[in-house]
Amino acid sequence: MVFAKTSKAASRLSEQVRLKEFKKEYLAIVDGYIENNKGVLEDYLLKNEKLNISKVVTKETKNAKYAKLEYEVIKYNKETNLSLLKIMLHTGRHHQIRVQLANFGHSICGDQKYGTRGRGKQISLWAYKLTIKHPITKEEMTFTSIPDKVGPWSILK
């Protein structure tokens, strides 16, 4: 979360969001072993407002929106059959990471809506890195936060 001290700074930060200049990276713990250590997922998503879900559809589907993310496998735990991924979004669609990873066959641990109901009560998805330009100095600023190594996050050990 980013807060601005002045309305001018808020306006400039909002402009960065609008122009997709905010860089966000995520960590996720997902089911299974992923063969390729790095990859790109490109899909078309359709949001269902009534059910508050999105799903992967064909490009030709009315109101479908293009979604793209890159992933990198950081670690695989053979005992638990869980993988830790770093995810970089290129687009910001409704539930994008959750939907695309579930469609890819690697649901996020603890995701009650799109996947693995049996593993954990909390979704194992973490926005851990944010990069913005300072609204006045234009200096690039990066903020990181790593989750505690408890519960499903113990894969980080």
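Brief remarks follow.
- In this entry, Leu89 passes the filter for residues that are in contact with a Leu (Cβ under 8 Å, 6 or more places away or on another chain) and either surrounded by 15 or more Cβ atoms within 10 Å (Cβ to Cβ) or among the basic types (Lys, Arg) (or both).
- Filter result for Glu60 (more than 15 Å from the chain's Cα centre (by Cα) and modelled with pLDDT under 95): no
- Complete set of residues in segment 6-32 that are more than 24 Å from Leu85 (Cβ to Cβ), basic (Lys, Arg) and touching a residue at least 60 places away in the same chain (Cβ under 8 Å): Lys8, Arg12
- Of everything listed in (1) under 25 Å from Ser124 (Cβ atoms); (2) in a loop (DSSP other than H, G, I, E, B); (3) in contact with a Leu (Cβ under 9 Å, 6 or more places away or on another chain), the single unmet condition for Asn63 is (1).
- The set of residues from segment 1-30 being at pLDDT 90 or above and more than 21 Å from the chain's Cα centre (by Cα) comprises Lys5, Thr6, Ser7, Lys8, Ala9, Ala10, Ser11, Arg12, Glu15.
- Residue tally, condition at positive phi and in contact with an Asp or Glu (Cβ under 6 Å, 6 or more places away or on another chain), over segment 70-114: 0
- Flag for Phe3 being surrounded by fewer than 17 Cβ atoms within 10 Å (Cβ to Cβ), in contact (Cβ under 8 Å) with a residue 12 or more places away in the chain, out of contact with any Lys or Arg (no Cβ under 6 Å at 6 or more places or on another chain) and of a type in the set (Phe, Trp, Tyr): no
The values are calculated or read from the model by the stated rules, or taken from the named source; none is laboratory data. What you see is a predicted model, and the numbers here were worked out from it, not measured in a lab. Note: ideal-geometry Cβ built from the backbone for every residue, glycine included; neighbour counts use all protein chains shown.
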